[in-house]
Amino acid sequence: EITSLLSLCGGQFSSEQEIRVNSPFWILSIPSEEMARGLMKRTVCAKSIFELWGHGRSAGELYASLKSYPMDKMLPYLQSDSTYKVHIHTFNKTLTQAQKIKKIDALEFLPFKGKVNLKNPEHIFWILEDYGMDPNNVPEEPFHLYFGRWVHGQRELIESYSVKKRHFIGNTSMDACLSFIMANHGRVKPNDVVYDPFVGTGGLLISSAHFGAYVCGADIDYNTIHGLGKASRKNQKWRGPDENIRANLRQYGLEKYYLDALVSDSSRPIWRKGMLFDAIITDPPYGIREATRRTGSQKETVKTAERSTENHIFVSSNYHLSDIFFDLLKFAAEYLVMGGRLVYWLPIYRPEYTEEIVPRHPCLKLISNCEQMLSSHTSRRLITMEKVKEFKDQDQNSYLLDGQYTPYRGHNSFREKYFSGVTKRIAKEEKDNHK
């Protein structure tokens, strides 16, 4: 998420950044404080951002680093008419109050001229200490120390968009935190057009609209799109007259960004050529809590025939999980703008997972592959891809197998067998957990 936002807002990882994958502290090089605030207004993975005045592997190194920091950059925040406080944060260790005071007193060489105000200071300075990630092996001294001026924090975004308070929800409405992470992976920005081909109750549209993008979606479920049928909320039997995607966006003051939601089958072409999206952000159904269906003809073997309260009838058949991902990548390759991003969730069975399982397309470059653990054996991976090549006719049915792009052969592919197994295993674990 941070890497995507840096490429969008400006900035990069600093050359000083120590390569420690598990460290909770990162050093970034950002051109201005305004850009730093812009990044923090969007991120849900980072807690705070600081202007770094000094750092080191020991207290001595930290103090030496602070003494070499340009005085002209310090002085505006140390004036006699200002108020301040110093806060200490230790990761993976708890200090006594006496230890904290001792560390603060050791900074007396800094020319603080203002008055201390612990309740409502103008400037807050932080000492950050990293004691590693192992709670069973905490070192006496920190691995790294940092000192800086607090610039901005962000934790309100998730709470204000909580699904618990949302007007219209479904069985699989996406958590607000994950929705914003997905929008950030997609580098959604004002005036973008963002599309969700498995829109459901529209949870992913809300996060994109919050960032100023125009949003639209499609789903095969007529009742969900029109806000009809049984409700998913506890103690509510039927959906109300104004429970729909538009009402959700209206709830957050984002209705002006709502284009429309269509009743449509994602496996069928419905868009004219040249209709381009800046981002496609979606959570495809896995066939566990949400059925994987597509429209079928009367000649095909009919699995179900569904009827809505509006006498809308359609025939549907099974939509194999590997076909869902193949169609999604093909659609993104054709309808994304150059540099546009596809962001989606991929369910996996961890003991059998390999990088080969991740679907590929010659027009799309894999940007990131992040895991969210669901259980000891199952998880889902947030896949982010970027369009790097114009879609041609020869790319119509291409997918990657054994390092080569070959024509897609449907259900005989090794991915179909794998994903069928994934669905069954996840469903079994969910059933066992429920018991």
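Going by the structure shown, is GLY10 over 30 Å from ARG187 (Cα atoms) and either exposed (fewer than 15 other Cβ atoms within 10 Å of the Cβ) or among the small types (Gly, Ala, Ser) (or both)? The answer is no for GLY10. Being charged (D, E, K, R), touching a residue at least 24 places away in the same chain (Cβ under 8 Å) and out of contact with any Phe, Trp or Tyr (no Cβ under 7 Å at 6 or more places or on another chain) is a property that holds for GLU141.
Conditions tested, residue by residue: (1) without any contact (Cβ under 8 Å) to a residue 12 or more places away in the chain; (2) crowded, with 16+ Cβ neighbours inside 10 Å.
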| position | (1), (2) |
| --- | --- |
| GLU34 | yes, no |
| VAL44 | no, yes |
| GLY54 | no, yes |
| ARG57 | no, no |
| SER68 | no, no |
| ASP72 | yes, no |
| LEU75 | no, no |
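So is SER48 loosely packed, with under 12 Cβ neighbours inside 10 Å, of a type in the set (Ser, Thr, Tyr) and closer than 30 Å to SER160 by Cα or not? So SER48 does not fit the description; no.
Look at GLU61 and say whether it is out of contact with any helix residue (DSSP H, G or I) (no Cβ under 6 Å at 6 or more places or on another chain) and either open to solvent by less than 50 Å² (accessible area, probe 1.4 Å) or in a loop (DSSP other than H, G, I, E, B) (or both). Against the criterion (out of contact with any helix residue (DSSP H, G or I) (no Cβ under 6 Å at 6 or more places or on another chain) and either open to solvent by less than 50 Å² (accessible area, probe 1.4 Å) or in a loop (DSSP other than H, G, I, E, B) (or both)), GLU61 does not qualify. Of all residues in the stretch 80-121, those that are in contact with a helix residue (DSSP H, G or I) (Cβ under 6 Å, 6 or more places away or on another chain) and in contact (Cβ under 8 Å) with a residue 60 or more places away in the chain total 0.
Among residues of the stretch 321-378 being open to solvent by less than 20 Å² (accessible area, probe 1.4 Å) and hydroxyl-bearing (Ser, Thr, Tyr), the one that is modelled with the lowest pLDDT is SER322. Scanning the stretch 193-228 for residues that are open to solvent by 10 Å² or more (accessible area, probe 1.4 Å), out of contact with any strand residue (DSSP E or B) (no Cβ under 7 Å at 6 or more places or on another chain), assigned to a helix (DSSP H, G or I) and of a type in the set (Ser, Thr, Tyr) returns a single hit, THR224. Test PHE125 against the criterion of being at pLDDT below 95 and not assigned by the TED database to the domain that holds THR384, and give yes or no. Answer is no for this residue.
The values are calculated or read from the model by the stated rules, or taken from the named source; none is laboratory data. Please read all numbers here as calculations on a predicted model, not as lab measurements. Cβ atoms come from the backbone with ideal geometry, glycine included; neighbour counts cover every protein chain shown. For accessibility, only protein heavy atoms count, side chains too; no ligands or nucleic acids. Shrake-Rupley method; radii C 1.70, N 1.55, O 1.52, S 1.80 Å.
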